[in-house]
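Data first, discussion second: the structure below is written as structure tokens.
The values are calculated or read from the model by the stated rules, or taken from the named source; none is laboratory data. Just so we're clear, the structure is a prediction, and the values are computed from it rather than from any experiment. No Cβ is skipped: glycine too gets one built from the backbone with ideal geometry, and neighbour counts run over all protein chains shown.
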Ligand SMILES: Cc1cc2nc3c(=O)[nH]c(=O)nc-3n(C[C@H](O)[C@H](O)[C@H](O)COP(=O)(O)O)c2cc1C
């Protein structure tokens, strides 16, 4: 079973990127033959102040960000659906990456993301679908140690792109999403198959010990709401 953490780069109510994240989670659930679960979280439930090293020194990493770190650790891969802001990564994601890349005392920065496959998707009410953010997000993800899978999905004219059940209305776009999910799950599976059996069976990889005790694969042990799909 592959466990994928799915979130949008927007906290806005009715955000198009949240709809895109939902359609991705549905695609993960439908996927065959690789069995997979999607944990769909809303970053609006994981509020955090703007990263500031003084704040970190005084108060440490906020609980909300510790909870995300625990979920990243306990999932096999990530799928990020994002808007673009001025062609760039929205501040919500930059802030999330800043806080969650902060190491525990014994860790190098960004360890939590090391070797995690990630699939990237973007949406916009505009004609270009947020395509300019993809290479920037890919760079940021690589810098954190994630392994971005080839390709991406972009959804232009997002106001009219989603059906009431959360799926993508356009058949070609839905196929693109399924193909992206397939590449993500295939990579997750390959990585898992290469792990020693004791780690596949649930023991955490070296350096991936969960200090918070919130490493339930569904993310349900964290305080914030996370809906498990699949
Ligand atoms: C500061 C700012 C910058 C934006 N820059 C872009 C942009 O570069 N490209 C684009 O397609 N849309 C841009 N938009 C419009 C967003 O795509 C639109 O607000 C979208 O609904 C935000 O995503 P969400 O629906 O997932 O919250 C921008 C919006 C804001 C507030």
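Mind checking which residues of region 29-59 are modelled with pLDDT under 95 and assigned to a loop (DSSP other than H, G, I, E, B)?
Scanning region 29-59 gives 31, 32, 33, 34, 35.
Based on what the data block shows, is residue 145 more than 11 Å from the ligand (Cβ to nearest atom) and either assigned to a loop (DSSP other than H, G, I, E, B) or closer than 18 Å to residue 19 by Cα (or both)?
Taking the combined requirement at face value, the residue satisfies it.
Within region 133-142, can one find any residue that is touching a residue at least 40 places away in the same chain (Cβ under 8 Å), within 16 Å of the ligand (Cβ to nearest atom) and not in a helix (DSSP H, G or I)?
No - not one qualifying residue is present in region 133-142.
For region 131-149, check the following and say yes or no: at least one residue is at pLDDT 95 or above, under 20 Å from residue 28 (Cα atoms) and surrounded by fewer than 13 Cβ atoms within 10 Å (Cβ to Cβ).
no
Search region 20-55 for residues being closer than 19 Å to residue 167 by Cβ and over 14 Å from the mean Cα position of the chain (by Cα), and hand back the single one that is surrounded by the fewest Cβ atoms within 10 Å (Cβ to Cβ).
Result: 32.
Taking only region 156-190 into account, find how many residues are part of a loop (DSSP other than H, G, I, E, B) and over 12 Å from residue 121 (Cβ atoms).
Residues flagged as part of a loop (DSSP other than H, G, I, E, B) and over 12 Å from residue 121 (Cβ atoms) within region 156-190 amount to 9.
Please find, within region 73-114, the residue that is farthest from the ligand (Cβ to nearest atom) out of those that are closer than 30 Å to residue 156 by Cβ, touching a residue at least 60 places away in the same chain (Cβ under 8 Å) and assigned to a helix (DSSP H, G or I).
93
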